[in-house]
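Trainee: Let me begin by handing over the structure; questions about it come next.
The values are calculated or read from the model by the stated rules, or taken from the named source; none is laboratory data. This structure is a prediction, so every number in the text was calculated from the model and none was measured. In this analysis, Cβ positions are derived from the backbone assuming ideal geometry, glycine residues included, and neighbour counts consider all displayed protein chains. Heavy atoms of the whole protein, side chains included, go into the accessibility calculation; ligands, DNA and RNA do not. Shrake-Rupley method; radii C 1.70, N 1.55, O 1.52, S 1.80 Å.
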Amino acid sequence: MKSFSILITVLLLSIFVQAQEQKKWQGKFEQLDQLLPTPNEYRTGSGEPGSKYWQQRADYTIDAEIDEPTNTLKGKETITYYNNSPETLKYLWLQLDQNINKKGNEDFGNYFGPVRDSLSTLHMQYLTRAIEFEGGYSIQSVTDKAGKNLPITINNTMMRIDLPVAIKTGESYTFNVAWMYPITDRSLFLLSREGYEHFPEDNNNVYLIAHWFPRMCQFDDYEGWQNKQFQRLGEFALEFGTYKVNITVPADHLVASTGSLLNAKDVLSARELERFEKAKLSFDKPAMIVTEEEARAKEKTKSTAKKTWKFQADNVRDVAFASSRKFIWDVQAVKLPTNTVLAMSFYPKEGLPVWSEESTKAVKNAVEVYSKYTFDYPYPVAISVNTSNIGMEFPMISFNGGRPHNGQMSDNAKAGMIGTIVHEVGHNYFPMIVSSDERQWMWMDEGLNTFLQTRTEMERYPAFHHTVPKDIVPYMKGDKRVMRPVMNTSDNERLNAFGANYYEKPTVALTILRETIIGKDLFDKAFKEYSNRWMYRHPRPADFFRMMEEATAVDLDWFWRGWFFTTDNVDISVDNVKWYKLRTTQADIENKSKTVKTGDLNAKATDKSSADFSQGPQPFTVLNTDEKAYGEFRSHIDDNAVRQKLAGKNIYQIQFRNNGGLVMPLIIEWTYKDGSKETEMLPAEIWRTNENEVNKVFIKDKEVVSIVLDPNSEIADVDISNNVFPKKPVESKFDQFKKTN
């Protein structure tokens, strides 16, 4: 018995200590200065590129060839690297992304582990790589412009080139790299963004060629070389440049690629070329360039001849392409205020009929809506390629999953497919043009992009479910011991949580900023300003935070701190409601010696709270103000005028408690006895002097029958059961069980 008493004492003490710790001042409204880099001549305090902002540039000329019988890709490239930095560079770093496919690198197989009985063969492949695959680059040569070998050091997915002469500020350096690698079978890898997909029925492949050539790492004022190893989840930081790419494939293949096709007359048939030229004026609906019948005919034979497709892309940070004889191809022109874009889709017959009906339409919708909220899509083409199991973005081209079964697709599956296309096409804006560091800050591209995907779906697909604040509640209620803040490096997040943390949570945060805190018009102006200021540049989180404040005149440090730097959630409760009315009898109110009854608002006695309004209002007395209270002021308030203003009014005092840690505005819905309703909002700054609880007095003409906090689920409150007064009884799980059984 003694040990049990000790245990109870320890538990009570623990609860008391935790309660006390929760009440400690956490500086939720302190400025972010100590967490953000100091503004300088490169990046200003207003979130704008500074007067001496710089960034590097890399131009590429690439020749590549797919060898279909062996599923290998070989290539050579000439890179001209421009050093615009104030530093002298003695060596260069390049990304070797294909090396992630070497055995021993992270495949996320342990996500399904450990080994257990009845594990599927696919999961066993992910876990153990039972079917071995020889992956990764074979670097054949690295030479200078004259053909002399350059010393290199390969560290997994990074390659360092030591230069014979350092590159000074304002200089450029040209060198050559030759390589080859086996193209991966995408079905053998979890989270495989590139490779080939095999179709056993007709013995053909669709090749998705990405992360395929050694690329320059980003070098900037913030971090120097961004040469963190590629681990699949954290994506890329790349430099802008001009790409001239020559792609050799079997002669019966169609190639979809980043850039403008330069030699259409050489690679398209006369009929295809004629259709393509006409499609440039097809603004009403997609025009077919290669039909289903033509694609089916190609599947039956495999050409041994070859063709070289030539593309050029200006001011892009990467190039990807897809190649197959299975492709059906349609095109539609999209007219924007400043230019015309060709929206295109490439898909095998397995995508019919949904892809012919929806893909190019989704590309068009994404380009139009994103352009409205940011800047006109600046590139000549926007391409959607059908594949399996992924959505992946590159400049001007994206690989998108979603296929019907026997020509049928559920409404939810179709919505998911369309959402994927919109999302991946939208990535052209973030991060392909507003070029954030994906490896470091995934939310800066995924979060901002998902936010605009939501806007697109709301405007063009209103029947679809789109992300709203309450969607993040299940995640926000999760185990804080394993949660990470949004401001967390991409590869450190759990595979089963990165979607919620980097896509959905920032989307909800931006939605709350737009809809509840800043206001739609002002938010949209600020977001558009940020997008335009950082086109073709490399913004960091601080630039976005500062820009949104500078363009709105709203101090948002408390918001960024809570939503992006912590794992707190929103849980605000209505804890104590008191209803008062001024006493109708104010006899002898001038008597300074009057004793105020217990229960008066001016009394020191503690009022007991009620569970509802059934006890009626509590009367209270308002005394005249003592002259000493005015100090040196010679004018005095009219005491009777104050009492007359309050006479007959309903005065409600509410205590709000911050249980979750995230301070947010208080959105209160009042329901009156006559059935009418009123909603009012108190800004988040109400928590400035007390982060844990606030008391607020309201004066109402009408009698209130109920109070609801956050009635429209605007602020992602994780527990709505404590948002109401009078309190509603919570149904037990047993009662719920009885109803369903």
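Trainee: Could you work out how far helix 520-533 tilts from the main Cα principal axis of the chain, as a 0 to 90 degree angle to the nearest 10?
Mentor: 40
Trainee: Oh, and also: Could you tell me the convex hull volume per residue, in Å³, taken over the Cα atoms of segment 465-545?
Mentor: 131
Trainee: How much mean residue ellipticity at 222 nm does the chain get from its helices, if each DSSP H run of length 4 or more adds -39500 (n - 2.57) and you divide by all residues, to the nearest 500 deg cm²/dmol?
Mentor: One gets -7000 deg cm²/dmol as the mean residue ellipticity at 222 nm.
Trainee: Give 335/470; 696/727; 470/525; 525/696; 280/414 a once-over and call out the pairs whose C-alpha atoms are over 29 Å from each other.
Mentor: Check vs 29 Å cut-off fails for 335/470; 525/696.
Trainee: Quick check on segment 16-154: take the gyration tensor over C-alpha atoms, sort the square-rooted eigenvalues as a ≥ b ≥ c, and tell me if it's rounded (a/c under 1.5), prolate or oblate.
Mentor: oblate
Trainee: How would you rank 621-632, 196-207, 392-403, highest first, on the average number of other Cβ atoms within 10 Å across their residues?
Mentor: 392-403, 196-207, 621-632
Trainee: Mind jotting down the distance between the C-alpha centroids of segment 328-351 and segment 169-201, whole Å?
Mentor: 25
Trainee: Give the span of segment 117-182's Cα atoms along each principal axis, as three whole-Å numbers ordered largest to smallest.
Mentor: Projected onto its principal axes, the Cα set of segment 117-182 covers 61, 23, 16 Å.
Trainee: So if I place +1 on the C-beta of Lys and Arg and -1 on the C-beta of Asp and Glu, and nothing else carries charge, what would the dipole magnitude of segment 197-250 be about its Cα centre? I want it in debye, nearest 20.
Mentor: 180
Trainee: While we're looking at this one, here's another question. Mind running the shape call on segment 235-370? Use the C-alpha gyration tensor, a ≥ b ≥ c as the square roots of the eigenvalues: rounded below 1.5 for a/c, prolate if a/b tops b/c, oblate otherwise.
Mentor: Verdict is oblate for segment 235-370.
Trainee: What's the percent breakdown of Cα-Cα distances in the chain across 20 Å bins, shortest bin first?
Mentor: Spelled out per bin, shortest first, that is 14, 40, 28, 13, 4, 0.
Trainee: How much accessible area per residue does the chain have, in Å², with a 1.4 Å probe?
Mentor: 45
Trainee: Further question on the same structure: Hey, what D do you get for segment 138-214 in µm²/s if you plug the Kirkwood alpha-carbon radius into Stokes-Einstein at 37 °C and 0.692 mPa s?
Mentor: Diffusion coefficient, whole number: 212 µm²/s.
Trainee: Then there's this: To the nearest µm²/s, what D does Stokes-Einstein give for segment 393-519 at 25 °C and 0.890 mPa s, using the Kirkwood radius over alpha carbon pairs as Rh?
Mentor: The estimated diffusion coefficient comes to 157 µm²/s.
Trainee: Follow-up question, since we're still on this one. Give the cross-link partners of residue 645 among the aspartates and glutamates, using a straight C-alpha distance below 14 Å as the criterion and excluding same-chain residues fewer than 8 apart.
Mentor: Straight-line reach from residue 645, under 14 Å: 701.
Trainee: Bin width 5 Å, origin at 0, all Cα-Cα pairs of segment 439-506: what percent of pairs per bin?
Mentor: Pair shares across the bins are 4, 17, 26, 22, 16, 9, 5, 1.
Trainee: Report the charge-dipole magnitude of the chain in Debye, nearest 20, computed about the Cα centre from +1 at each Lys and Arg Cβ and -1 at each Asp and Glu Cβ.
Mentor: 820
Trainee: As I understand it, the value is the acute angle between the Cα axis of helix 2-22 and the longest principal axis of the Cα atoms of the chain; what does it come to in degrees, rounded to 10?
Mentor: 80
Trainee: Taking a temperature of 10 °C and a viscosity of 1.306 mPa s, what whole-number D in µm²/s does Stokes-Einstein yield for segment 189-289 with Rh from Kirkwood over alpha carbon pairs?
Mentor: Here the translational diffusion coefficient equals 90 µm²/s.
Trainee: In addition: Give the cross-link partners of residue 302 among the lysines, using a straight C-alpha distance below 16 Å as the criterion and excluding same-chain residues fewer than 8 apart.
Mentor: In chain and number order, the partners are 326.
Trainee: May I ask for the angle, rounded to the nearest 10°, between helix 270-279 and the longest principal axis of the chain, with both axes built from Cα atoms and the value confined to 0 to 90°?
Mentor: On a 0 to 90 degree scale, this one is about 20.
Trainee: While we're looking at this one, here's another question. Which net charge results for the neighbourhood of residue 550, defined as the other residues with beta-carbon distances under 13 angstrom from its beta-carbon, given Lys and Arg at +1 and Asp and Glu at -1?
Mentor: Net local charge, residue 550 excluded: -2.
Trainee: Scaled to the compact-protein estimate 2.2 N^0.38 Å, what is the alpha-carbon radius of gyration of segment 425-465, rounded to two decimal places?
Mentor: In units of the 2.2 N^0.38 Å rule of thumb, it is 1.26.
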